[in-house]
Each structure stands twice: as structure tokens, then as C-alpha cells.
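Novice: First the structure, then my questions, so here it is.
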Amino acid sequence: MTKNKLVIDGKSLTLEQIELFLHENPEIVLSKESIRKIKKSRALVEKWVSKEESIYGVTTGFGEFSNVRISKGNIEKLQENLILSHAVGCGENLPPMIVKIMMLLRLNALARGYSGIRLETLELLIGMMKYNIIPVVPSQGSVGSSGDLVQLSHLVLAMIGKGRVQLVKDVTADDASSVKIIPASSGLKKFGLKPVLLQAKEGLALINGTQMMTSFAAYISIRAKKLIKIADISASLSHEALRATDKAFDPKLHRLRPFPGQITTAKNVLALIENSKIRKSHITGDTRVQDAYSIRCVPQIHGASRDAIDYVVSRVNIEINSVNDNPIIFPDTEEHIEGGNFHGQSMALAMDFMSIALSELANVSERRTERMVNGALSGLPRFLANNGGLNSGLMIVQYTAASLVSENKVLSHPASVDSIPTSANQEDHNSMGSIAAQKCYRIMHNLENVLAIELMTAAQALEFLKPNMPGVGTSIAYKEIRKSVKPLDNDRLLFEDVRKVAELIKEDIILNAVEKEVKLD
């Protein structure tokens, strides 16, 4: 992939490419091999239709109606009815960013040439992505198999000129005022695109898949790989503020329990606090033997979450490059095999695991914030306030962190342990992967705010340790915070301070600044 072009072949898409796709909106191009396979697969479908063979979802009804034969003259109507009847979502609309990833992932799955879809149908999908014509997709209604039927149906609804779309300038922006919602037919016409008239198999090929839950999973994975580094930075800044020892991060210790994440975390913290004047100022004369777990066990706690994140990323990398509809067509052997590649169990379990991993990062972050604002534990002014009593300082930011952490604990209850049968018990086990993914998305955002509170609190604590300054990496983080948030001399509206630090996290400003000087793994 270059900045201006992303070649789709169904088997080599990466999380890094998805991130660039969101921010750069490159030209999407199907590989020559994909085009050849798509055409070959489509020719086989048309051959079967002409012979009126019995194929699920092509010449039969769907789900419990799979035993109902559909006449050749009704095949197009069958596909349109599928979309109309399945587009029954509820709740708030999905973020445009998530819907655009859904579009890319569905294209990538169909690009493998095992689904029997027409090339011109995929070209419409590419055109919609090019111009940021983003279908309006409700967030609720998926049970995670046969994939995310409801949400993908709303996506395809726009492709057939029905439903609504959003014309979005920047899908990554949080500003809802930049989003214009209009009828899908008008949105397509505005950019010279024509609605597609679905042919045999096409409606089913477009909606049988895990693309909503996997879109969330892909975006969460992109962010989680960065948030684990931010957690290390935040913990290191708190380590400085609490004047902790670095002995617990000694490599000799961690080689004896060689979990990769644990070793990496310890290495990161030592690199961040290197040359700390604060550490040198109390290296002698400190009567404490060891620190509290929230500092001393950072390698073990963050490390476990780091390993969990790496595992989830490995599962997501498989899913984004998989064929996950039904039936699957094998042009070389002229077979169609009815199976269950649409089942979302892999993503459901992965998202439940990611939820726990991210929630734990927030849990321990809040505990470090509490230690810093608690004068009995930190040895610093109570609530890091000047003229305490008249000023409350950072007393209530810890309340907010505690609230977010408590919410995460509820959200971390696994969705994948639940299953409700559908389609008259034909579909008698469902993954609930969409619920797992959306809960994890909320946990991720809560974690960003909890880390923002810890970073802001640690920066305030450092004001009381001057003129001693923190280490090479922690100094950079402190300076980036101070560019947006001034030291708290007297009580002020802290809502804006938290928001500003959260933006430094979300826009990777702190992480990028630190990584210019300190290599983090």
C-alpha cells in the first residue's frame, strides 16, 4: 500500500493499512488476481442458475425457509427481499468510521472470489468508500451469526438505493455537525453512482459475514496496541510522582518469569525513567523496602494485558482476511459448500478477552491516581492542592476515574457465554460477538479517559517535586501535557483539562512525542 493506493486481494490486509485507510482515504483497487477469481466465481453461479440447481440462498429461501424452492423468475426479487426483511436494526447509529471499515472488510472478504458476486457490485462499494458515502447503520440487532446480518443489510440497503447515507468529510472526526444524512438514492446520484440491482446470490454474499464485530475489533486492536504503551508512560510518570524504586523493573527479575509482555513492560518503564533526577534524589535515605502493587507489579499487570492484546490482534488479523459467508463457492472444482464460516465465535471470545485486558489497565491506573491524591500514601499535599481546604485540587478527578473503572467492570462481563436461538431453532447457537465488540469499544474509550486522569494527576504531582525533574521519556510526556494544561494553582474547571489530555492520547500526540526519543516495544 502507498499513501494514495490500497490494493485489495482478500488475503493481505493489515491493521496498519486499515488505519491509513481511515486517515488518508486512498484509492481502493482490486488486484488483477481478485478480478479474475471474482469473474470466474460469478460465471459458475450463473451457470447453476441457468440449470436451476438447488443452492441455499440462491434458488432457495433463507434460514428455516431453506427447503422452499425459488423460481428462476423470482431470483432477483429474492435477493432484494432478503435485504429489505433483514434491515431491522435498532438503537444509535454506528460511528461512520466503523461503517467505513465494515465496507472495506466486506470488500476484502468478497475479493477472494469464493462468493459469486459480480464485479460491478463491488465497484459500487468502492465508489461509495471513495466519496465517503457512508450508509446509516443502527448499532443493535446482531446476534453474531449468521454474521452481522442486520447491520450488513442496512449497509446493502444503501447500495440498492434505499435507506439513508451520511456524507462525511472525515470519518475519524468526532464532530457530528460535519455529518449530513440524506436518502441513499440522492447520495449516490450526487457522485454519479447508480444503485445496484442485486442478482442471484449477491444479497446473501453481501450480508453473510462478521464485518461489524470485526470492524470494531480491528479498530480496537489498532488503538489497544497504542494504549498499552500509553499505560506504560502513564505508570512511569506516576512512578516518578510517587518516588518509587526501580528495583522491581530489573531485567534479571523478569527473565525468571519470561512472559513476553512482562519483560517488555519492565524494559519500557526503565527506558522512560532513565536519568531521572527525581529517582536520584531519594535513592539513598528512603526507608521504604518496596512499593505498592500498583507500582511494583506494573510489569506483571500491564504485561498480562499486553500479551492478551497481542493474542487478540493475532485473531483479528486472521478474521479480516477470511472468507466468512455461506454458501462458499469453489470455482476450480465447481462446488458450493454450505457451512458456518459466518459464525462470530472467534471474534466474540477475542473481544471479551480484550475487554478484560483493557479494563485491567484502567483498574490499576485508577489505583495509582488514588495513591497520588491521597496524602497519607503519597507524602504529597492532599489531593495535590495548593492551599488545601479552600481548594479541593484533584479530589474529584479520582471519583470520575473510579466511576469509569466501575462501569468497565460491568461491561467486562462476557457476552460470548450467552446464546439465544433464532430462525425457528435452525440457528440454535449464536455468538453475540457484536455485543462483545461494542462493549469493548466503550471500555476502550473509558480507558482513554482513566489514563488521561492519571497523566494529568501525575503531572500535577511533579510540580511539588521541583526542581528535580523526571527521566528522559517521562519528561517528554510531562512537557506535552503542560503544552495543553497548566499546573493547578487554584481550583478551576477541570472538565476541560481532562478532555485536553484525553485528546493528546486519542490523537497519539504524547505517544509520538515520547517515541521520537525513547523506543517503546
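Novice: Among Ser281, Ser276, rank each residue by its count of other Cβ atoms within 10 Å, from fewest to most, as a rough exposure measure.
Specialist: Going from least to most buried by this count: Ser281, Ser276.
Novice: Next up: Looking at this model, which pairs from Lys252/Lys486; Lys72/Lys180; Lys5/Lys439; Lys130/Lys162; Lys226/Lys479 are more than 29 angstrom apart at the alpha-carbon?
Specialist: Values: Lys252/Lys486 39 Å; Lys72/Lys180 40 Å; Lys5/Lys439 33 Å; Lys130/Lys162 19 Å; Lys226/Lys479 19 Å.
Going by Cα-Cα distance, Lys252/Lys486; Lys72/Lys180; Lys5/Lys439 fall outside the 29 Å limit.
Novice: Another one. Which value in nm describes the separation of the simple spin-label points at Glu24 and Ile509, placed 7 Å from the Cα toward the beta carbon?
Specialist: 2.4
Novice: Report the Stokes-Einstein translational diffusion coefficient (µm² s⁻¹, integer) for segment 421-521, Rh taken as the Kirkwood radius over Cα pairs, at 20 °C with viscosity 1.002 mPa s.
Specialist: D = 133 µm²/s.
Novice: Using only Cα atoms, tell me the angle between helix 472-484 and the longest principal axis of the chain; keep it within 0 to 90° and round to the nearest 10.
Specialist: So the inclination is approximately 80 degrees.
Novice: Next up: May I ask you to list the trypsin sites (Lys or Arg not before Pro) in segment 155-241 that are in a DSSP loop and have at most 16 other Cβ atoms within 10 Å of their Cβ?
Specialist: Hits after loop and neighbour filter: Lys169.
Novice: Right, something else. Please report the relative contact order for the chain, taking Cα pairs under 8 Å with a sequence separation of at least 6, and give it as a percent rounded to a whole number.
Specialist: Relative contact order comes out at 17 percent.
Novice: In degrees, nearest 10, range 0 to 90: what is the angle between the Cα axis of helix 119-130 and the longest Cα principal axis of the chain?
Specialist: The answer is roughly 30 degrees.
Novice: Kindly write out, for segment 232-237 in residue order, the coupling ³J(HN,Hα) from the Karplus curve 6.51 cos²θ - 1.76 cosθ + 1.60 (θ = phi - 60°), rounded to whole Hz, with x marking Gly and Pro.
Specialist: For segment 232-237, the Karplus curve yields 5, 5, 4, 5, 5, 5 Hz.
Novice: Right, here's the next one. Calculate for the chain the 222 nm mean residue ellipticity that helices alone would give, adding -39,500 (n - 2.57) per DSSP H run of length 4 or more and normalising by residue count, nearest 500 deg cm²/dmol.
Specialist: Taking each H run of at least 4 residues, the total per residue is -17500 deg cm²/dmol.
Novice: For the chain, would you read off the P(r) tail past 40 Å as a percentage of all alpha carbon pairs? Write down the numbers at each step before the final one.
Specialist: Numbers: 42821 of 135460 pairs.
Result for the distance tail: 32 percent.
Novice: Would you kindly work out the equivalent ellipsoid of segment 5-209 from its C-alpha gyration tensor and give its semi-axes, the square roots of five times the eigenvalues, largest first in whole Å? Please report the intermediate quantities before stating the final value.
Specialist: Details: eigenvalues 152, 80, 44 Å².
Semi-axes, largest first: 28, 20, 15 Å.
Novice: Given the Cα-Cα distance of Arg288 and Lys516 and 0.36 nm per residue of separation, how much length would full extension add, in nm? Kindly include the intermediate steps, with their values, before the conclusion.
Specialist: Values: separation 228, 0.36 × 228 = 82.08 nm, distance 3.42 nm.
In short, 78.7 nm is gained.
Novice: A follow-up question, please. Could I have the simple spin-label model distance between Lys252 and Lys466, label points 7 Å from Cα toward Cβ, reported in nm to one decimal?
Specialist: Modelled inter-label distance: 3.8 nm.
Novice: If you fit an axis through the alpha-carbon atoms of helix 298-319 and take the longest principal axis of the Cα set of the chain, what angle between them do you get, 0 to 90°, nearest 10?
Specialist: So the helix axis and the longest Cα principal axis differ by about 10 degrees.
Novice: What length, rounded to one decimal in nm, is gained on full extension from Lys72 through to Ile396, with 0.36 nm per residue of separation minus their alpha-carbon distance?
Specialist: 109.9 nm
Novice: Dividing the Cα convex hull volume of segment 232-335 by residue count, how many Å³ per residue is that?
Specialist: Value for segment 232-335: 141 Å³ per residue.
Novice: Quick one: which residues, 5+ away or cross-chain, put their amide H under 5 Å from the amide H of Val168? H built at 1.01 Å from N.
Specialist: Amide H to amide H, under 5 Å and 5 or more residues apart or across chains, Val168 pairs with Ile134.
Novice: Rank the residues Asp418, Asp352, Asp428, Asp232 as a footprinting-exposure proxy: fewest other Cβ atoms within 10 Å of their Cβ go first.
Specialist: Numbers: Asp418 15, Asp352 24, Asp428 11, Asp232 28.
Exposure proxy ranking, most exposed first: Asp428, Asp418, Asp352, Asp232.
Novice: Another one. Using amide H atoms built 1.01 Å from N in the peptide plane, name the residues 5+ places from Leu30, or on other chains, whose amide H lies under 5 Å from its own.
Specialist: When sequence neighbours closer than 5 places are left aside, the close amide H contacts are Ile8.
A short reminder: the numbers here are calculations on the coordinates, not readings from a lab. Predicted, not measured: the structure shown is a model, and the values here were computed from it. We place every Cβ from the backbone using ideal geometry, glycine too, and count neighbours over all the protein chains shown.
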